[in-house]
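The values are calculated or read from the model by the stated rules, or taken from the named source; none is laboratory data. If you're wondering where the values come from, they're calculated on a predicted model, not measured in any experiment. Virtual Cβ from ideal backbone geometry, glycine too; neighbours counted across all protein chains shown. Protein only, heavy atoms only, side chains kept; ligands, DNA and RNA dropped before computing areas. Shrake-Rupley method; radii C 1.70, N 1.55, O 1.52, S 1.80 Å.
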Amino acid sequence: PDIPILPSNTHPVVFVHGHSITSSGSKDSIDAFKEFQEKLRNEGFRILSMEELESCSYQSISEPFSVRVTYYMDENGILSDQESIEKYAERLGILVKKIIDCSREDEVTIIAHSMGGLVSRYYINNLRGKDYVDNLFMLGTPNNGIYGEIKEGIFEGLGGCKTWHSGQECDEMDPYFN
């Protein structure tokens, strides 16, 4: 028998991407969660876009929903991917607040990939995110840091972190970062 993925009285599901946000960039992109969202749609979840999130009003969405968000977008809607994990976590917090305001729930569930897990964990542990996040699921998150070829050089033909971005996050993911 088919077993529902999540209970019917669930919080909004927030998908948080990894290091890259474009489908041409890497598998860490925000687009990697499309398949997950389709499965949730089959379970009765509405798929909310970032544009719909920006335009929704207080408690206007009554059905369960999921949304893919990006912490690379600054408060002016400008792509800014050269920041610290702390700054990305602040942006995630703003998005989570907006999601809660749009829903009739007081918490969200976050599913995060790779660096998105680090951003989400920082938000939860340091920016009062634990008050708004019921569950955090991390997929492929480098909890012990990145180093060597993954950080600096070529990794399986994909390039390293510094190949994709020259921002602070590559240094902050180093296990020896102070």
Kindly list the number of the only condition in (1) of a type in the set (S, T, N, Q); (2) under 23 Å from E38 (Cβ atoms); (3) more than 11 Å from the chain's Cα centre (by Cα) that fails for S80. (2)
Give me a count of the residues in segment 30-77 that are over 21 Å from Y88 (Cβ atoms) and either exposed (fewer than 15 other Cβ atoms within 10 Å of the Cβ) or over 14 Å from the mean Cα position of the chain (by Cα) (or both). 24
Of the residues in segment 1-29, those that are modelled with pLDDT under 90, open to solvent by 10 Å² or more (accessible area, probe 1.4 Å) and closer than 15 Å to V67 by Cα come to T10, I21
The number of residues in segment 84-98 that are open to solvent by less than 10 Å² (accessible area, probe 1.4 Å) and over 18 Å from Q59 (Cβ atoms) is 3
Considering only segment 43-60, I want to know if a residue exists there that is over 17 Å from G129 (Cβ atoms), of a type in the set (S, T, N, Q) and either free of Cβ contacts under 8 Å to residues at least 12 places away in the same chain or in contact with an Asp or Glu (Cβ under 7 Å, 6 or more places away or on another chain) (or both). yes
Checked R68, R104 against criteria (more than 25 Å from L118 (Cα to Cα) and basic (K, R)); the one match is R104
Would you mention how many residues in segment 99-148 are of a type in the set (S, T, N, Q), in contact (Cβ under 8 Å) with a residue 24 or more places away in the chain, assigned to a helix (DSSP H, G or I) and surrounded by fewer than 15 Cβ atoms within 10 Å (Cβ to Cβ)? 1
Residue list for segment 59-94, filter: hydrophobic (A, V, I, L, M, F, W, C), outside any helix (DSSP H, G or I) and within 30 Å of E43 (Cα to Cα): I61, F65, V67, V69, M73
Could you please let me know if K39 is modelled with pLDDT of 90 or more and either in a loop (DSSP other than H, G, I, E, B) or of a type outside the set (A, V, I, L, M, F, W, C) (or both)? yes
